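See below for the structure under consideration.
None of the figures in this text is laboratory data; all of them are computed from the coordinates on show. Keep in mind that what you see is a predicted model, and the values were worked out from it rather than measured. Reconstructed Cβ throughout: ideal geometry from the backbone, glycine too, with neighbour counts over all protein chains shown.
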Amino acid sequence: MARLDKLPPYLFTAIDKAKRAVMASGRDVVDLGIGDPDRPTPARLVEAMTAALHEASNHRYPCNQGSALFRRRVAEFMARRHGVSVDPDTQVLALVGSKEGIAHLPLALLEEGERVVGPDLGYPVYSSSTLLAGGEYAAYGLGEAKGFLPDPAEVATLIDAQTRLLILNSPHNPSGAVIRADDFRSLLETARGGNCVVSNDAAYIEVPVGNDRPVSLLAVCDATLDRVIEFHSLSKTFNMTGWRIGFAVGHPDVIASLDRVKQNIDSGAFNAIQETAVVALGEDFEELVTGVLEVYAPRRVEIVAALAEAGIEVFPSAGAFYVWAKVPTGEGSLAFCARVLEEHALVVTPGLGFGTGGEGWFRISLTAPDERITEGARRLRRL
Ligand SMILES: Cc1ncc(COP(=O)(O)O)c(C=O)c1O
């Protein structure tokens, strides 16, 4: 079978099509589906970008690995913000958004038929990129009973001699579950001994719910000894999803392998965007991030209150900007979300879109303007 034919249909495309059909009928659709911040990138970063655009040297091919300044700033940021020490020359890689790095990693690590162990309830790119690289995806479950966290004992049963990559995602999309330091340690232990890289997708690490900051995988190990890699993104942190900038930090060999794939596929992240990222990750980081993220807490309160009124149970997420809620009827999540769209002109995402482990749940994104959140909450109350 051709690799492309092994991929399931991308559910989010189907949801978008259904949404457009309802909109075409003239109804006012409230879209709480996709996790794409509604607010603009902070003005200070737009100004930095504007200045960088006028710099002719930025118009040329970038350094594939990321500029020396970008990598140094990432290393300083990881030390200051996450207590993680990485060498900017060998342990940092610029990415064209974290999705790009996540998707290329299996290509860097796998031989045909080798295995990736990753979450079933998870970002669809983990399994699709494994299949595109000719690998086999073995899924560990993430159930409500375990707080949507990976169970190290179950993960251990899936890691065999052919396993080259264990994928973790903390904070987790869609549930918002956060892996604690001790669990990271146990999971690292399950992968030790073999030739298995441990990766954490930390795209939401700067988007906590409340004051408890999620821990970095690299904070609980030595990334010059353990074969680890962690993916970071500026997309959600700075309302920069369209800009395409992220970075990977990790073991020098793993970073070098990913870099080698990228050298053969892309030509690096636009220099002007890297320069803007240098500003974003600098001394004003905390102030910028507070301004970006402060909108989500009141939106969460409003949506959770509406769901409570509708008698719908919610998982107490610790990270990310989603509300993860239980389908209140006996319907499957696809049928439920299709009906909510049809009857209430409200887009929410079926859990099944994130794998079979998401059945029985649906996701509400808090990345819509306040007035749309209020209108969405009004419709949720009537479910
Ligand atoms: C869990 C997770 N990881 C990674 C990404 C990719 O983010 P980006 O490529 O914009 O950095 C997303 C985007 O929605 C995500 O939900």
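Once the Kirkwood radius over Cα pairs is known for the stretch 43-283, the Stokes-Einstein relation at 4 °C and 1.567 mPa s delivers a diffusion coefficient of 72 µm²/s.
Annotation for S85 and A181: the two label points, set 7 Å from Cα along the Cα-Cβ direction, are 1.6 nm apart.
What does the net charge come to around T50 if you take all other residues with beta carbon closer than 14 Å to its beta carbon, with K and R at +1 and D and E at -1? Could you put the intermediate results ahead of the total?
Values: positive: R44; negative: E47, E55, E275.
For residues surrounding T50, the net value is -2.
Where is the GNM fluctuation largest for the chain (alpha-carbon springs, 10 angstrom cutoff): V340, V117, V92? Per the Cα network of the chain with a 10 Å cutoff, V340 tops the list. Extension gain for the segment E189 to E136, taken as residue separation times 0.36 nm less the Cα-Cα distance, is 16.9 nm to one decimal.
For the stretch 335-359, the residues whose amide N sits under 17 Å from a probe point set 7 Å from the Cα of E313 along the beta carbon direction are 351-352, 357-359.
With a sphere of radius 11 Å drawn around the Cβ of S170, what net charge do the other residues whose Cβ falls strictly inside it have (Lys, Arg +1; Asp, Glu -1)? Don't skip to the answer; put the middle values down first.
Numbers: positive: R180; negative: D183, D201, E230.
Charge balance in the 11 Å sphere: -2.
GNM remark for the chain: springs join alpha carbons under 10 Å apart, and the peak mean-square fluctuation among G118, G351, G26 falls on G26. Note on S365, S128: ascending count of other Cβ atoms within 10 Å places them as S128, S365, the fewest first. The stretch between L4 and R27 holds 4.7 nm of extra length on full extension. This uses 0.36 nm per residue minus the Cα-Cα distance.
Only helices enter the 222 nm calculation for the chain: every DSSP H run of n ≥ 4 contributes -39,500 (n - 2.57), and dividing by all residues gives -12000 deg cm²/dmol, rounded to 500. Projected label points at A256 and T329, each 7 Å from Cα along the beta carbon direction, are separated by 5.7 nanometres.
Using DSSP to call loops (not H, G, I, E or B), can you name the GluC sites (Glu not before Pro) in the stretch 236-337 whose Cβ has at most 15 other Cβ atoms within 10 angstrom? Qualifying residues, ordered by number: E283, E294, E313, E331. Here r is the Cβ-Cβ distance between A56 and L158 and R0 is 56 Å; the resulting FRET efficiency, rounded to 0.05, is 0.65. The residues packed around R227, meaning those with a beta-carbon under 14 Å from its beta-carbon, carry a net charge of -3 if Lys and Arg are +1 and Asp and Glu are -1.
Which FRET efficiency value, to the nearest 0.05, do you get for L69 and D222 by plugging their Cβ-Cβ distance into 1/(1 + (r/R0)^6) with R0 = 41 Å? Present the calculation step by step, with values, prior to reporting the outcome.
Values: r = 26 Å, r/R0 = 0.63.
Calculated value: 0.95.
Taking 0.36 nm per residue of separation and subtracting the current Cα-Cα distance, fully stretching the chain between A305 and E343 would add 11.6 nm.
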